[in-house]
Amino acid sequence: MIFAIDEINQNPTLLPNITLGFMIYDSCHIVARALEGSFWMMTGQEEPIPNYRCNKHSQLAAIIGESRSRITIPMARLLGIYGYPQVSYSATVPSLSDKSQFPSFFRTIPSDNFQSYGLVRFLMHFGWTWVGILAEDDEYGIVGSQIVIEEMAKVGVCVAFYETIPLYYSKEKNQHIANVTKKSSANVIVVFSAASKWSPVITEIARQNITEKVWIATEAWSTSLLIFTKENFKTLRGTIGFTVQKGEIPRLKKHLIDINPVKSLNDTFIEEFWEEAFGCKWLSHDSNEMGDITKAGKETALCMGTEKLEDLSFEYSDVSSLRVTYNVYNAVYAIAYALHNLQSCKPGEGPSSGGACAEILNFEPWQLLHYMKNVHFKNSAGDEVYFDASGDPPAVYDIVNWQLSPDGILKYIKVGSTNFSAPKGKDIKIDESAIEWNEEFANALFPFLQTPHSVCSESCPPGYRKAARRGEPVCCFDCIQCSEGKITNQKGEWNC
């Protein structure tokens with residue numbers, strides 16, 4: 001975000017003679033703190049005072065965030081009352097597209113509606129009709145999974161089991177989910193959950209050495225380093241994940257490498273990051289600080305600020321697969337272009353009565369909101385950025401596959417994509433030859449099949465008809481031979 005703001009401020013053609021600033025407030029993933037921070041920003045003071053505004057320096061233009069849907073929703077209700085534009089880079093619940101509830105909300109990540117459609121299309125592509133579902137016990141997981149279930153029912157895919165992932169750690173619940181997964185005849189499981197909630201569950205599943213399953217990951221954990229670990233990989237190898245489209249941000253790598261706490265004095269975020277990255281500790285004026293430097297007889301080096309990030313080899317400076325970061329970048333630019341269009345307004349074409357224009361240094365939130373709804377531009381990577389009438393971006397996803405490279409490195413490889421703006425029939429692309437399934441699964445169950453198999457009952461051959469099993473889903477049936485004088489010409493017929 002800061003990189004994008006600096007880049008805009010250095011661009012003489014975008015918002016000329018205007019400098020953008022920022023305020024960062026850590027919600028700690030707590031709703032109350034997120035609302036408090038929203039009030040702070042709206043009032044211009046470090047106090048949550050409703051219906052009050054006193055900006056000593058410059059006024060608030062818009063708010064970027066939050067990442068989690070459950071926190072974004074109450075924020076969007078509050079900001080919508082006052083008309084402040086809000087752009088989320090990661091909140092995906094479908095309800096946020098409802099402009100009657102959230103009139104000033106936008107996002108640079110698609111709604112879960114589209115992800116759910118894509119997931120079901122993928123299941124159908126491989127003929128998987130018997131599927132387990134795990135859903136985080138909040139709006140993201142419950143609503144998202146219910147959309148998947150509704151779409152599955154339309155095309156004859158059945159739910160083998162449905163379990164909720166607890167929001168707070170529960171050893172008993174995690175063990176229960178692992179046991180249900182292990183006993184189920186469904187070999188494909190869709191997991192609708194944030195990485196932080198899914199992590200303790202998959203840890204338990206890996207502990208029980210459950211490897212003969214294909215996991216379908218939603219965007220919330222499909223590329224998560226919290227889940228993507230060596231400990232989990234035997235279980236999760238071959239996972240298929242839907243993830244937001246990756247993008248390029250030119251010059252970002254250099255910006256990251258050039259970050260230094262000496263250049264940004266009193267920036268606590270950089271200081272904490274520096275300690276974590278280099279395993280050192282800053283010396284403060286606290287008289288007890290020196291005593292903290294030595295822990296259990298091991299001496300911790302002092303941070304000097306002369307350490308070099310380019311000497312480190314870790315994911316911090318890897319800009320090859322920017323996804324959520326790319327969404328943040330586009331969110332900042334969307335606000336900047338809306339402000340630019342407000343600044344460039346010609347008399348008679350403005351949003352106010354009689355076409356009057358707003359003043360760039362003194363505008364009302366609803367005036368900027370008008371330009372946010374109509375923003376449309378190409379970013380530095382050449383991708384088009386805009387919002388539809390619901391405040392949503394174009395629905396484009398990458399499909400990735402968790403693989404182990406010959407040199408033993410864990411990777412997620414793009415094996416397909418979905419684009420719901422494309423014509424029907426061309427909206428999903430899958431490269432089956434690029435997919436690597438879990439070897440444990442293939443060798444244990446279906447060694448002669450190229451792709452995994454997940455059905456409740458095998459299709460009835462010609463000469464037999466399907467007979468429903470009482471009390472079981474439609475995907476589970478017996479095959480009954482046709483009576484004398486009757487036939488079925490094709491597999492899977494209900495009547496002879």
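For the range 1-19, what are the residues that are in contact with a His (Cβ under 8 Å, 6 or more places away or on another chain) and not in a helix (DSSP H, G or I)? Please lay out each step first, then the result.
We begin by selecting, within the range 1-19, every residue in contact with a His (Cβ under 8 Å, 6 or more places away or on another chain); these are 3, 6, 14-15.
Listed by number, the residues that qualify are Leu14, Leu15.
In the set Pro473, Pro452, only one residue is touching a helix residue (DSSP H, G or I) at 6+ places or on another chain (Cβ under 7 Å), in a loop (DSSP other than H, G, I, E, B) and closer than 30 Å to Phe161 by Cα; that residue is Pro452.
It is to be established whether one or more residues within the range 252-259 are charged (D, E, K, R), in contact with a strand residue (DSSP E or B) (Cβ under 8 Å, 6 or more places away or on another chain), modelled with pLDDT under 95 and surrounded by fewer than 13 Cβ atoms within 10 Å (Cβ to Cβ). Before the answer, list the steps.
So the first thing to find is which residues in the range 252-259 are charged (D, E, K, R), and the list is 253-254, 258.
Next, only the ones that are in contact with a strand residue (DSSP E or B) (Cβ under 8 Å, 6 or more places away or on another chain) stay: none.
No: the range 252-259 contains no residue that is charged (D, E, K, R), in contact with a strand residue (DSSP E or B) (Cβ under 8 Å, 6 or more places away or on another chain), modelled with pLDDT under 95 and surrounded by fewer than 13 Cβ atoms within 10 Å (Cβ to Cβ).
It is to be established whether one or more residues within the range 28-47 are of a type in the set (A, V, I, L, M, F, W, C), under 21 Å from Asn327 (Cα atoms) and in contact with a helix residue (DSSP H, G or I) (Cβ under 9 Å, 6 or more places away or on another chain). Yes, there is a match, as at least one residue in the range 28-47 is of a type in the set (A, V, I, L, M, F, W, C), under 21 Å from Asn327 (Cα atoms) and in contact with a helix residue (DSSP H, G or I) (Cβ under 9 Å, 6 or more places away or on another chain).
Put simply, of Phe102, Phe22 the only residue that is touching a helix residue (DSSP H, G or I) at 6+ places or on another chain (Cβ under 8 Å), assigned to a loop (DSSP other than H, G, I, E, B) and surrounded by fewer than 18 Cβ atoms within 10 Å (Cβ to Cβ) is Phe22. Tally time: how many residues in the range 154-205 are in contact (Cβ under 8 Å) with a residue 60 or more places away in the chain, part of a loop (DSSP other than H, G, I, E, B), surrounded by fewer than 22 Cβ atoms within 10 Å (Cβ to Cβ) and β-branched (Val, Ile, Thr)? The number of residues fulfilling the criteria is 0.
Sub-6 Å Cβ pairs linking a first residue in the range 1-22 that is at pLDDT 95 or above to a second residue that is polar (S, T, N, Q) and not in a helix (DSSP H, G or I), at least 6 apart or interchain, are Asn9/Thr19, ordered by first then second residue.
Within the range 338-382, work out how many residues are in contact (Cβ under 8 Å) with a residue 40 or more places away in the chain, surrounded by fewer than 17 Cβ atoms within 10 Å (Cβ to Cβ) and of a type in the set (A, V, I, L, M, F, W, C).
As a first pass, look at the range 338-382 and keep what is in contact (Cβ under 8 Å) with a residue 40 or more places away in the chain: 338-340, 343, 360-366, 368-369, 372, 375, 377, 379-381.
Restricting the remaining residues to those that are surrounded by fewer than 17 Cβ atoms within 10 Å (Cβ to Cβ) gives 361-362, 364, 366, 380-381.
Within this subset, residues satisfying the condition of being of a type in the set (A, V, I, L, M, F, W, C) are 361, 366, 381.
Of the residues in that region, 3 qualify.
Mind counting the residues in the range 158-180 that are closer than 23 Å to Pro473 by Cα and in contact with an Asp or Glu (Cβ under 8 Å, 6 or more places away or on another chain)? Steps first, please.
We begin by selecting, within the range 158-180, every residue closer than 23 Å to Pro473 by Cα; these are 158-164, 176-180.
Pick out the ones that are also in contact with an Asp or Glu (Cβ under 8 Å, 6 or more places away or on another chain) and you get 164, 176-178, 180.
Total meeting the criteria: 5.
Being of a type in the set (D, E, K, R) and either under 21 Å from Gly127 (Cα atoms) or surrounded by fewer than 19 Cβ atoms within 10 Å (Cβ to Cβ) (or both) is the requirement here; does Asp398 meet it? When the stated conditions are applied, Asp398 passes them.
Matching residues to (1) in contact (Cβ under 8 Å) with a residue 60 or more places away in the chain; (2) assigned to a helix (DSSP H, G or I); (3) outside the structural domain of Val415 (by TED's automatic domain parsing):
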site: Ile73; (1), (2), (3): yes, yes, yes
site: Ser90; (1), (2), (3): yes, no, yes
site: Ile109; (1), (2), (3): yes, no, yes
site: Gly127; (1), (2), (3): yes, no, no
site: Tyr140; (1), (2), (3): yes, yes, no
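The values are calculated or read from the model by the stated rules, or taken from the named source; none is laboratory data. As the structure is a computational prediction, the values presented were derived from the model and not from experiment. For neighbour counting, all protein chains shown are included, and Cβ atoms are generated from backbone atoms with ideal geometry for every residue, glycine included.
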